[in-house]
């Protein structure tokens, strides 16, 4: 792209508010471009007086094509004095995408932030390092967050994305089987199935006590049954029968 096209795209990222569809299309295009000119404009926006420009800088920088060694330092320096929740959320998300585990201390420092969007960004970012003990510790805490959406992603990061296993992790997943949110319950089932924890069986059988089979319920059953893949033709009754047979349970 030439300079005029790049300038036009940067201008579009500011239109329609933070969640504007056209703005995000422009962000995506700039990420894919990855030119030095884009990077330099992003770096300038990192220290802008306008919060939306700083947020957009982080949004682009976290997934900018190309190997720019200064990306990590630009984001961490931004957070040293940042107070705007949207900018903080964008910066934390960027740290997760950049994949530098040195960022975990910074990410975790926001896990008790009063703004849901910030804690949500923390949960996503921790999920980028699902097997790091520091991330596991943070995700465990976030499985008890007041926001169902945050609990959902914390359980997903901890139980599904991550391979770490411990009594504490399993206990958290078991607790989440009783969560008021269905998505949280199903992600917890997948996490326990992945760890072949037979304490999942009563809840999983109850989840299968319906004609249709939800995707995550099937994933949990497949994992617990140690099947190589989901049998596409199986019904809920087939999964129930397989569980009852494998674990010698009377129906």
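Rank the residues 122, 47 as a footprinting-exposure proxy: fewest other Cβ atoms within 10 Å of their Cβ go first.
So the residues, fewest neighbours to most, are 47, 122.
Calculate how steeply helix 182-194 sits against the longest principal axis of the alpha-carbon atoms of the chain, using the helix alpha-carbon long axis, and give the answer as 0 to 90 degrees to the nearest 10.
So the inclination is approximately 70 degrees.
How much FRET efficiency would the formula 1/(1 + (r/R0)^6) give for residue 246 and residue 19, where r is the Cβ-Cβ distance and R0 is 35 Å, rounded to 0.05?
Result of the calculation: an efficiency of 0.15.
Going by the alpha-carbon gyration tensor, a ≥ b ≥ c the square roots of its eigenvalues, is the range 1-100 rounded (a/c under 1.5) or, if a/c is not under 1.5, prolate (a/b greater than b/c) versus oblate?
oblate
Tell me the label-point distance for the pair residue 32, residue 206, using the 7 Å Cα-to-Cβ offset, in nm and rounded to one decimal.
So the label points at residue 32 and residue 206 sit 4.6 nm apart.
Taking Cα atoms, how many degrees apart are the long axis of helix 21-33 and the longest axis of the chain, rounded to 10 and kept between 0 and 90?
Roughly 80 degrees, rounded to the nearest 10.
Between residue 11 and residue 137, what is the FRET efficiency for a Förster distance of 45 Å, r being their Cβ-Cβ separation, to the nearest 0.05?
That pair, residue 11 with residue 137, gives E of 0.60.
Which of rounded, prolate, oblate describes the range 204-245, given a ≥ b ≥ c as roots of the alpha-carbon gyration tensor eigenvalues and a/c under 1.5 marking rounded, otherwise prolate only if a/b is larger than b/c?
rounded
Specify the inter-centroid distance of the range 13-44 and the range 141-193, based on alpha-carbon positions, in whole Å.
That distance is 34 Å.
Fully extended, how many nm does the chain gain between residue 163 and residue 100 (0.36 nm per residue separation, minus their Cα-Cα distance)?
Here the segment from residue 163 to residue 100 would lengthen by 20.8 nm.
For the pair residue 146/residue 228, report the inter-label distance in nm, with labels modelled 7 Å from Cα in the Cβ direction.
5.0
Counting each DSSP H run of 4 or more residues in the chain as -39500 (n - 2.57), what helix-only mean residue ellipticity at 222 nm follows after dividing by all residues, to the nearest 500 deg cm²/dmol?
That calculation yields -18000 deg cm²/dmol at 222 nm.
Rounding to the nearest 10 and keeping the result within 0 to 90°, find how far the Cα-based axis of helix 36-45 lies from the longest principal axis of the chain.
Between helix and principal axis, roughly 90 degrees.
For a footprinting-style exposure proxy, rank 1, 207, 180 by other Cβ within 10 Å, fewest first.
Details: 1 15, 207 24, 180 8.
Final ranking by Cβ density, sparse to dense: 180, 1, 207.
For a quick check: sort 250, 35, 89 by the number of other beta carbons within 10 angstrom, fewest at the front.
Sorted ascending by nearby Cβ count, the order is 250, 35, 89.
Translational diffusion coefficient of the chain at 10 °C, 1.306 mPa s, Stokes-Einstein with Kirkwood Rh over Cα pairs, in µm²/s as a whole number.
80
Per 0.36 nm of contour for each residue apart, how much would the distance between residue 109 and residue 215 grow if the chain were fully extended, relative to their Cα-Cα spacing?
Length gained, residue 109 through residue 215: 34.7 nm.
Can you pull the one-decimal nm distance between simple spin-label points at residue 44 and residue 238, each 7 Å off the Cα toward Cβ?
6.0
Taking R0 as 51 Å, what's the FRET efficiency between residue 77 and residue 180 from their Cβ-Cβ distance, rounded to 0.05?
After rounding, the FRET efficiency stands at 0.80.
Each reported figure results from applying straightforward, stated rules to the coordinates on display, with no laboratory input. Quick caveat, the model's predicted, so the values are computed rather than measured. FYI the Cβ positions are ideal-geometry reconstructions off the backbone, even for glycines, and counts take in every protein chain you see.
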